[in-house]
Amino acid sequence: MSALSDSGFEEDLHTSPAAASRVRLTSDLQECDYEESCFIIQRHSELQFLAQNCLARQPQITAEARSKLVSWLIAVHRQLKLSFESCCLAVNIMDRFLITTSVAADCFQLLGVTSLLIATKQVEVYSPRITQLLSLCCNSFSREQLCNLECLILLRLNFRLAAPTLAFFLDYFTSRTTGCQTDEAMDKMVTTQDKNVWKEPEKKWKWLACKVCELSLADYTFNKYMPSVIVLCAMKVAKDLLKIHSVQPIDNNAGSSQTLESFCFQEFPTFEAQLLFQQCTEDLKLLVSLNQDAVQDCISL
């Protein structure tokens with residue numbers, strides 16, 4: 001079947017990869033609830049927003065410099081009480097801009113705070129004041145410089161800011177997986193109706209998974225992995241670190257919940273995908289082993 005496109009040229013609607021992809025996406029969305037529809041849309045657009053090899057054309061910016069800046073942005077987002085979503089989106093905006101434009105080393109911090117400002121405008125109800133952000137840089141840059149760079153970033157990214165992030169997939173997967181418990185709490189879980197027995201270990205598990213995701217943000221090694229892959233692997237690493245077991249929560253309203261193992265099987269059905277999952281998991285385990293101080297407090301609780 002052929003039809004005229006908006007440009008006036010005839011195109012084959014059945015053979016166009018983009019058209020076929022849109023048809024599949026629409027078909028998937030028709031059978032889902034709102035939360036799952038958001039997940040499908042974000043999964044569908046992951047590759048489009050992946051900032052792989054973003055430092056390949058950056059003569060003055062190294063992986064170590066990026067790591068230091070992202071670690072600083074993580075600290076800044078905590079100090080300003082911003083969401084993890086804002087922090088993840090800021091890193092994605094920064095990395096995608098680095099693909100398009102060479103950045104001088106002395107302007108790299110300005111790129112970081114400008115990306116954070118754009119991300120907070122997209123995510124938060126109230127974004128930080130420009131003077132507040134500039135003061136965090138010891139007033140090394142002017143308001144005009146920041147605003148000019150903000151415009152340049154938006155133009156280079158073509159105003160495409162709705163990137164899938166680690167924070168989004170972490171929220172989705174943890175809300176859809178079952179409750180978790182430690183070895184010590186296993187017997188209590190089986191015999192009691194008190195939901196608080198499994199809620200506390202679950203919170204601990206989610207916090208540790210978030211911490212592992214946070215560490216991966218600053219490590220350039222993980223730019224090659226899609227956010228959903230990193231999150232599922234981080235959840236598995238956190239589960240292994242805490243030596244916890246996935247169990248069905250006693251709450252009757254949790255009928256749609258799934259185990260972490262079932263999610264991994266759904267997301268990585270092919271042999272190649274499973275190899276990618278294993279490689280990312282091993283990389284995260286190495287990252288955690290190199291940053292024991294960052295996660296030890298949670299593990300030892």
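The values are calculated or read from the model by the stated rules, or taken from the named source; none is laboratory data. Worth saying up front: this structure is predicted, and the values here are computed from it rather than measured. Note that we place each Cβ from the backbone using ideal geometry, even for glycine, and neighbour counts take in every protein chain shown. Side chains included, ligands, DNA and RNA excluded: accessible areas come from the protein's heavy atoms. Shrake-Rupley method; radii C 1.70, N 1.55, O 1.52, S 1.80 Å.
So, in the range 79-129, of the ones that are closer than 17 Å to Asn139 by Cα and of a type in the set (D, E, K, R), which residue ends up least open to solvent (accessible area, probe 1.4 Å)?
Per the criteria, the residue is Asp106.
Just a yes or no: is a residue in the range 59-75 at pLDDT below 95, open to solvent by less than 20 Å² (accessible area, probe 1.4 Å) and not β-branched (Val, Ile, Thr)?
no
What number goes with the only condition from (1) within 22 Å of Pro59 (Cβ to Cβ); (2) in contact (Cβ under 8 Å) with a residue 12 or more places away in the chain that Asp106 does not pass?
Result: Asp106 passes all but (2).
Where in the range 55-159 are the helices (runs of 4 or more DSSP H), entirely inside, with at least 3 residues that are touching a Ser or Thr at 6+ places or on another chain (Cβ under 6 Å)?
Output list reads 84-100, 108-123, 143-156.
Which residue pairs have Cβ atoms closer than 9 Å, lie 6 or more positions apart in sequence or on different chains, and pair a first residue in the range 282-293 that is touching a residue at least 60 places away in the same chain (Cβ under 8 Å) with a second residue that is open to solvent by 40 Å² or more (accessible area, probe 1.4 Å) and hydroxyl-bearing (Ser, Thr, Tyr)?
Asp283/Thr221; Leu287/Thr221
Which number in (1) modelled with pLDDT of 90 or more; (2) open to solvent by 20 Å² or more (accessible area, probe 1.4 Å); (3) within 27 Å of Tyr34 (Cα to Cα) marks the one condition that Cys213 misses?
That leaves (2) as the condition not met.
On the basis of being surrounded by 16 or more Cβ atoms within 10 Å (Cβ to Cβ), touching a helix residue (DSSP H, G or I) at 6+ places or on another chain (Cβ under 9 Å), of a type outside the set (Lys, Arg) and at pLDDT 90 or above, does Phe39 make the cut?
It is false that Phe39 is surrounded by 16 or more Cβ atoms within 10 Å (Cβ to Cβ), touching a helix residue (DSSP H, G or I) at 6+ places or on another chain (Cβ under 9 Å), of a type outside the set (Lys, Arg) and at pLDDT 90 or above.
Filter the range 155-187 down to the residues that are open to solvent by less than 30 Å² (accessible area, probe 1.4 Å) and more than 16 Å from Met235 (Cβ to Cβ), then identify the one that is modelled with the lowest pLDDT.
Per the criteria, the residue is Ala185.
Restricting the first residue to the range 51-79 and requiring it to be more than 23 Å from Ser127 (Cα to Cα), which pairs with a second residue that is at pLDDT 95 or above and among the basic types (Lys, Arg) meet a Cβ separation below 8 Å and a spacing of at least six or different chains?
Ala51/Arg96; Cys54/Arg96; Leu55/Arg66
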